[in-house]
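Novice: Have a look at this one.
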Amino acid sequence: MSPFGDDGSEMTPTWLDDDTIEAMVSGDDVDARFGQLTAFVHTVRSLGEGPAPRPSSRLEGVFAGRVAIAPARGGRRRALPRGLSTAAAKLAALGLAAKIGLGTAVAAAGVAGAGAAGILPDQANDQVRRGIEAVSPVEFDHPGDDADGHRETGENFGDRVSSDATGESDGENGVDGQQISDEAPGAEHRPDDPGQNGQDQANETPAADHRQNDDSDRDDQGDGTTTTDNPSATAPSTVPPPGQTVPSTVPSRGRSGD
Amino acid sequence: MGHRDRFGGRFGDVLAGARRGERWGLEQIFTALSPVVAGYLRTQGATEADDLTSEVFVAVLRNLHRFEGDEAAFRSWVFTIAHRRLLDERRRLRRRPPPEPLLAVHERPAPDDVEDAVARALATQRVRALCERLTTDQRDVLLLRLLGRLTVDEIAAALDKTPEAVKALQRRGFLAIGRLLQREGVPL
């Protein structure tokens, strides 16, 4: 079979065997009918015989030793502290399932910790805390729950009526305002006798004998007026006496000629 | 394959010196292989073939510690890196084509032998004109085979193909070149 077309004068190969190709590539002699292909091979080969191109400045840096030629494996990674590197090695040695399990546990612990610390949004916080309560003896206060631990939701809203409203708590319907909850702020500083005032308490102290007995400055009338005869003894007032100017940070323009 | 020896039989010494960071070893590797790498990249149509050649050898020299093997394996390794850099450049140019220059500026310094340089430039144009008529795979195989002087197995490894596929591409590529030369009478 001729390697060329049916027309023997065409000289166009219709197939090439691998041996002929290897001979051409290796520079060995081949049939003269492959002359053009052989010339092509030589021409292509010559394209790699020129001078070396000018190296770039970066490559010059490599030649001059300014650029590291053998970067350590991992390149820019920093070495872990010894304990961490040991833990990382152990983690790397775990199987895929163990890594997935460990990752889930770490994520759950992180969310639980954040929930316990109260840094999650209220809704998420509440759900996380209830989750912790379900699997541990720890209990949290839930802002939406009443004193009996009932939780008010959209479904049971309005089902229950306060004992204050029904009068069960003090025999009177509604809240009269006379009682202050023990949970209100400052409850621990509140006197046992609500009628006692600060003056009464001062009279019970060791320094009671030295206190000033002049009560004339006090507003005994209860109408906001004082009975003092000595204005200078009074506490500084924000209202200056008539005739005095008010110190100002704004310079007075009309007084420079006085 | 004596014509694959570009280190005068001292490849082991050169490699060892380069690995120690000695300048003569690093430069020897570049001097020996950069002309064929630049020729390969130029014939493949790289826009800045000389700069790309330098990039290839920066990668080669910085990763010498990873290489193990003889000169033939080293040459194959270098051309594998060169081919991948070429593909990187093509991808980059597809994303962001370079602006068209207002004037054709030849920044390369005048070579010592102008006649040879001109002849080589013309030959490069002719070979490129022929190779552009091939499929990409055929062109890659033929140029790695002829310029890189890689074996079929080495090309198969570099292009992630089977040796049989490389042989088929090589055969079809040569046949296509033969038909073009016959039909169009392109002088070489």
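Novice: From the list B:Gly8, B:Gly12, which one is open to solvent by 60 Å² or more (accessible area, probe 1.4 Å), out of contact with any strand residue (DSSP E or B) (no Cβ under 9 Å at 6 or more places or on another chain), free of Cβ contacts under 8 Å to residues at least 60 places away in the same chain and over 14 Å from A:Phe63 (Cα atoms)?
Specialist: Result: B:Gly8 is the single residue among B:Gly8, B:Gly12 that is open to solvent by 60 Å² or more (accessible area, probe 1.4 Å), out of contact with any strand residue (DSSP E or B) (no Cβ under 9 Å at 6 or more places or on another chain), free of Cβ contacts under 8 Å to residues at least 60 places away in the same chain and over 14 Å from A:Phe63 (Cα atoms).
Novice: Condition (residue is away from chain A (no Cβ under 11 Å) and surrounded by fewer than 20 Cβ atoms within 10 Å (Cβ to Cβ)) applied to the stretch B:45-61: is it met by at least one residue?
Specialist: Within the stretch B:45-61, one or more residues are away from chain A (no Cβ under 11 Å) and surrounded by fewer than 20 Cβ atoms within 10 Å (Cβ to Cβ).
Novice: Would you check which residues across the stretch B:109-127 are within 18 Å of B:Ala46 (Cα to Cα), more than 8 Å from chain A (Cβ to nearest Cβ) and open to solvent by less than 60 Å² (accessible area, probe 1.4 Å) and list them?
Specialist: Listed by number, the list holds a single entry, B:Ala121.
Novice: Taking the conditions exactly as written (open to solvent by 50 Å² or more (accessible area, probe 1.4 Å), modelled with pLDDT of 85 or more and at the interface with chain B (Cβ under 7 Å from one of its Cβ atoms)), does A:Pro51 satisfy them or not?
Specialist: yes
Novice: Can we say B:Leu150 is within 13 Å of chain A (Cβ to nearest Cβ), open to solvent by less than 20 Å² (accessible area, probe 1.4 Å) and free of Cβ contacts under 8 Å to residues at least 12 places away in the same chain?
Specialist: Criteria not met by B:Leu150.
Novice: Continuing with the same structure: Limited to the stretch A:22-37, what total is found for residues that are crowded, with 18+ Cβ neighbours inside 10 Å and either more than 7 Å from every other protein chain (Cβ to nearest Cβ) or farther than 16 Å from B:Leu147 by Cα (or both)?
Specialist: Residues meeting the conditions: 4.
Novice: For the stretch A:54-70, how many residues meet the condition of being in a loop (DSSP other than H, G, I, E, B) and under 12 Å from B:Glu27 (Cα atoms)?
Specialist: Looking only at that region, the number is 4.
Novice: Specify which of the listed residues (B:Leu181, B:Leu169, B:Leu130, B:Leu142) is under 21 Å from B:Ala72 (Cα atoms) and either within 12 Å of chain A (Cβ to nearest Cβ) or open to solvent by less than 10 Å² (accessible area, probe 1.4 Å) (or both).
Specialist: On inspection, the qualifying residue turns out to be B:Leu142.
Residues are listed down the side, and each one gets a yes or a no for (1) closer than 30 Å to B:Arg92 by Cβ; (2) out of contact with any Gly (no Cβ under 6 Å at 6 or more places or on another chain):
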{"residue": "B:Gly9", "(1), (2)": "no, yes"}
{"residue": "B:Arg20", "(1), (2)": "no, yes"}
{"residue": "B:Leu26", "(1), (2)": "yes, yes"}
{"residue": "B:Ala32", "(1), (2)": "yes, yes"}
{"residue": "B:Gly39", "(1), (2)": "yes, no"}
{"residue": "B:Gln44", "(1), (2)": "yes, yes"}
{"residue": "B:Asp51", "(1), (2)": "yes, yes"}
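Novice: For the stretch B:154-164, does any single residue satisfy the condition of being facing another protein chain (nearest Cβ under 10 Å) and part of a helix (DSSP H, G or I)?
Specialist: No: the stretch B:154-164 contains no residue that is facing another protein chain (nearest Cβ under 10 Å) and part of a helix (DSSP H, G or I).
The values are calculated or read from the model by the stated rules, or taken from the named source; none is laboratory data. These figures come from a predicted structure and were not determined experimentally. Note that each Cβ is placed from the backbone with ideal geometry, even for glycine, and that neighbours are counted across all protein chains shown. Just the protein is used for accessible areas: all its heavy atoms, side chains included, with ligands, DNA and RNA removed. Shrake-Rupley method; radii C 1.70, N 1.55, O 1.52, S 1.80 Å.
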